[in-house]
1. HN-Hα J couplings of region 472-478 from phi, Karplus 6.51/-1.76/1.60, θ = phi - 60°, integer Hz, Gly and Pro as x?
2. Report the semi-axes of the equivalent ellipsoid for the chain in whole Å, largest first, where each axis is √(5λ) for an eigenvalue λ of the Cα gyration tensor.
3. So what is the calculated 222 nm ellipticity per residue for the chain, using -39500 (n - 2.57) for each DSSP H run with n of 4 or more, over all residues, to the nearest 500 deg cm²/dmol?
4. With the other protein chains left in place, how much accessible area per residue, in square angstrom, belongs to region 359-434 at a 1.4 angstrom probe?
5. Starting at the first residue of region 376-390, write each ³J(HN,Hα) from the Karplus equation 6.51 cos²θ - 1.76 cosθ + 1.60 with θ = phi - 60°, in whole Hz, x for Gly and Pro.
6. Using DSSP loop states and a limit of at most 16 other Cβ atoms within 10 Å to flag GluC sites (Glu not before Pro), what is the longest stretch of the chain containing no flagged site?
7. Sort region 318-446 into rounded, prolate or oblate with this rule: let a ≥ b ≥ c be the square roots of the eigenvalues of the Cα gyration tensor; rounded if a/c is under 1.5, and if a/c is not under 1.5, prolate when a/b is larger than b/c, oblate otherwise.
8. Run through all the Cα pairs of region 100-199 and give the fraction in each 5 Å bin from 0, expressed as whole percent.
Amino acid sequence: MPGELTTSKRLRRLRVDLEEPAPAGPRVLARGVVAAAAIGFTLLGAGNLDLGPLEARLGIASGERLGPLGRAFGGWEPGLWPGTVAPCWLWTKGLGGTPTPASVRWPTAIAAVAIGLILARRLGRALGEGAEAWGAVAWFGSLAMIDRSGPLATGMIAGMAIVGALDRILARGSDWGAGLWAALAVLAGGWPALLIIALPVIVDGRKGRWLSAGLVVPPLVALAGWSAWALSVARVDVWAAGLTWPLTQGSSWLLAANVAALSLPWGPFAALVAWPMVRKGWTGPARELVVAWLKLTVAALLVGTVVPGMAVAALPAALAGLALAAGAACARAWEGELAKGPRRSVLAIATAFGLIWAVVVTPTAINVAAAVPFYRTVVIPVALTAPLIGFAALDAAWSGSSRRSLLATLALAACLKLGHWGVYVPEWDYRIGQGPWGRAIGQWVPPRWPIYTVLHWPADLAFATGHPFRILANPLVLEHQGKGDGRPKFVLLHAEEFENWPRSAPRLVKVRAFRDQHDQARVLARTEGELVRDRQGESED
């Protein structure tokens, strides 16, 4: 018996496994790069940027009661579905019930990280650890993931579900897992998300990629459940508005240009996939994966451009396809196995970006550092590194080194993040956006008291006040608002509205007059009454 054990131990030492596990070192390094890219480019300063006009409605809805559609200005918002509003609503509840820019920015950033992890994981399984790392850099280091504003803010959560469903379909076919992702996409973005998810079936349609029961049943059940919820708490026209809202939007003819700009500086590297020598170095499944995602990108751009209301759902899918292809191409270039044509393309792309960055950013940064001392700690490093990045890109092109070209582009992306975080965000928050004007108005109203208005005001201005906004159908109904406890009602008006306020309406007293960035007058007024405080010193709801 002891002899048999000794013999078996010796045989196990001589055994050669057919599938040896990958070394732990490269795997740990790749995961470290993924984590560093996610934290450095996307999560750092994720909640600092004030909301713009598009995402402000989502911010307002996060402070209202959760429903089948978002609520803003006292009414339903047909473009905001519960799957998008719910994470922001939960974040607001965690902050104490008052929405802030972080209520929208942080759920969006987490969804962006989830998309990047999905793409990096798929690339790692198909092309190895190097592709996993470069895929993460191409996604997180793009301008879209650094900024995450505009349509991306309202469509990122639905985009996470769309990318998850597409990844599942391309990897394992139209199974129940893809259907669950599709159900989440429907609840977050409505039926346009389903059309984007169906693109692999329309474009490819090979075995395993069709409209199976596993793919179709979960989103139909989710849509039926949402319809029952909507019809139980709102009128039929609200339910119909939620379904038909995308058709009321115009076609997005600049979608392709927006995707190209938001994918910078890594998106152009996806063009390397057009070279047969680049694809030849990949295995069959890896080649199929990258080509399939590029086909989806083109299809999403076509659908999002032509079909009304599809741009928000198509944007994250198109960006994901470009990032995956760019990551695969950069990994191939990093390995140094490119032929002369694709290698020259890598050098040309990196050199063009490096020179443009050096020529444009260097004098701009010097002027900003000289004029605004507050930004010097951020702008001076950018001003010093900008010419170095241009020189490094030129030197890499002269020596023909693809690796050094990619490193120069990575340094450019890092400086782009630094400039966005240290200069653009505070400039937007305190000078360009509606935040300063909204906060100036909101400080004159007791906490949590609503502000009434007769006309629609910009959503970002309303959100920046930090108060619920309610639109009056007529000035005469102002006296019927609230709990009838005699508290004054605050009203935001244009100067002409205040001067011509109807005599039959409740009498208004001017609280403060403001000037906006266009020197137009705004008047905050209130009705007569005593400002009542509760025991904690806060105003009553």
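The values are calculated or read from the model by the stated rules, or taken from the named source; none is laboratory data. A quick note: this is a predicted structure, and the numbers were derived from the prediction, not measured. For neighbour counting, all protein chains shown are included, and Cβ atoms are generated from backbone atoms with ideal geometry for every residue, glycine included. Just so you know, the surface numbers come from the protein's heavy atoms only, side chains and all, with ligands and any DNA or RNA stripped out. Shrake-Rupley method; radii C 1.70, N 1.55, O 1.52, S 1.80 Å.
1. 8, 5, 7, x, 5, 7, 4
2. Semi-axis lengths for the chain are 48, 30, 22 Å.
3. -19000 deg cm²/dmol
4. Values: 4020 Å² over 76 residues.
Heavy-atom accessible area per residue stands at 53 Å².
5. These are the phi-based 3J(HN,Hα) values: 5, 5, 9, 6, 4, x, 5, 5, 6, 7, 4, x, 5, 5, x Hz.
6. 20-334
7. oblate
8. Answer for region 100-199: a P(r) of 2, 14, 21, 22, 20, 14, 5, 1, 0 percent.
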